[in-house]
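To keep things clear, I will list the structure first and then write my remarks on it.
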Amino acid sequence: MAERFGVPATALRFYEDAGLLPADRTPSGCRVYGEDAVERLAKCVRRRGAGRQIP
């Protein structure tokens, strides 16, 4: 998902830790993002591009 939105993977982890980006985990620990997370990240990226503070 980081590649799709052009953000570093560390940004995804930051947003997840901040409670902005919900993620489930596979049994092996990989993050799985649902449609809600995709929409939230799109909103964060748009706000960042507009020079706004996130959230």
Summing -39500 (n - 2.57) over every DSSP H run of at least 4 residues in the chain and dividing by its residue count gives a helix-only mean residue ellipticity at 222 nm, to the nearest 500 deg cm²/dmol, of -14500 deg cm²/dmol
In degrees, nearest 10, range 0 to 90: what is the angle between the Cα axis of helix 35-49 and the longest Cα principal axis of the chain?
30
If you roll a 1.4 angstrom probe over the protein chains with everything in place, what fraction of the accessible area of the chain belongs to carbon and sulfur, to the nearest %?
49
With every atom except the alpha carbons ignored, what do you get for Rg and Dmax of the chain, in angstroms?
11.1, 38
In Å², and per residue, what accessible area does the chain have when probed at 1.4 Å with the other protein chains present?
72
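The values are calculated or read from the model by the stated rules, or taken from the named source; none is laboratory data. Keep in mind that this is a model prediction, so the values were computed, not measured. Accessible surface areas use protein heavy atoms only, side chains included; no ligands, DNA or RNA. Shrake-Rupley method; radii C 1.70, N 1.55, O 1.52, S 1.80 Å.
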